[in-house]
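The values are calculated or read from the model by the stated rules, or taken from the named source; none is laboratory data. Keep in mind it's a predicted model, so treat the numbers as computed, not measured. Note: areas computed on protein heavy atoms with side chains; ligands, DNA, RNA excluded. Shrake-Rupley method; radii C 1.70, N 1.55, O 1.52, S 1.80 Å.
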Amino acid sequence: MKKYKNAQTAFQDMFYKILLSGERINNTRALHHVVFQIENPMDNEITDRARNWKKEYAEKEWQWYLSENPSVKEIGKYAKLWNSLADKNGDVNSNYGYQWSRGRQLNRVISQLIYDSTTRKAAISIFDGKEYDRYHKDTPCTYSLGFNITNGKLVMLVNMRSCDLIWGFCNDQFCFSQLHRLVANSIQWPIGHVTYMIQSFHVYDRHFTMEVEPLLK
């Protein structure tokens, strides 16, 4: 399994891996069943100049998740894409905070880890095939988030159905790292690595010509 020291090096390396080896599918190049690890998930800023990632927006998305409110009324002011994904009530399925609040999943994860540091049940379900009829406009890109304590640290597993490297990964990894820290602080264990398992990891046509800085080996 490939290991990266931070989100930026993962972004750099995966950009060229996808462009060079990805399968041409519709308007993307895509790799399937990609697995990699980020050793320091809190080193979560994408610094590549071509990407021009904005921490300020990623933080707004994180705060939206913390609200556990699926309404796009506020986040849609900063990223218009959310407005196009909303249902007639102005809600989406992809507010991960809304998803982890359902069934008190996040609270249960924290309680389980506090009660039993060896638990294998500390997981949050997001995409749910039994709810497929709800996904006519907005389908969550992440299947699940899992937590374990191993070698004295809290590690996280992010299992994704679909991930666009340029927009989706850059903002999602930031929010997932914030969740990782929230859980770690709640149970008072240090933060370990995060592992990503991505069914479809892709780059859209319009981003093929981005001059992403190559990762120096």
Once you order the gyration tensor axes a ≥ b ≥ c over the Cα atoms, which shape class does segment 68-216 get: rounded for a/c under 1.5, otherwise prolate or oblate by comparing a/b with b/c? oblate
Give the ranking of 189, 82 by solvent-accessible surface, highest area first, calculated with a 1.4 Å probe. 189, 82
Classify segment 22-145 as rounded, prolate or oblate, taking a ≥ b ≥ c as the square roots of the eigenvalues of its Cα gyration tensor: rounded when a/c is under 1.5, otherwise prolate if a/b is larger than b/c and oblate if not. rounded
Would you mind calculating the relative contact order of segment 1-154 from Cα pairs under 8 angstrom and at least 6 residues apart, reporting the percent as a whole number? 16
Return a whole-number percent for the relative contact order of segment 1-62, with Cα pairs under 8 Å and 6 or more residues apart as the contact set. 44
Using only helices, what value at 222 nm comes out for the chain when you add -39,500 (n - 2.57) per DSSP H run of length 4 or more and divide by the total residues, to the nearest 500 deg cm²/dmol? -9500 deg cm²/dmol
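Only bridges with both residues in the chain count here: give the DSSP antiparallel percent, nearest 5.
Counting only bridges with both partners in the chain, antiparallel ones make up about 70 percent.
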Pairs 5/80; 5/54; 2/54; 2/130; 5/60; 2/77: which are spaced more than 29 Å apart, C-alpha to C-alpha? 5/80; 2/130; 2/77
Using the Karplus curve 6.51 cos²θ - 1.76 cosθ + 1.60 with θ = phi - 60°, what ³J(HN,Hα) values do you get for each residue of segment 8-15, in whole Hz, with x for Gly and Pro? 4, 5, 5, 4, 4, 5, 5, 4
With every protein chain left in place, what is the accessible area per residue of segment 102-152 in square angstrom, probe 1.4 Å? 63
Rank these by accessible area, largest first, 1.4 Å probe: 175, 141. 141, 175
In terms of modelled amide H atoms, which long-range or inter-chain residues lie less than 5 Å from the amide H of residue 36? 196
Shape call, segment 54-120: gyration tensor on alpha carbons, a/c limit 1.5: prolate
Relative contact order as a percentage, segment 73-217, C-alpha pairs under 8 Å and 6+ apart, gives 19
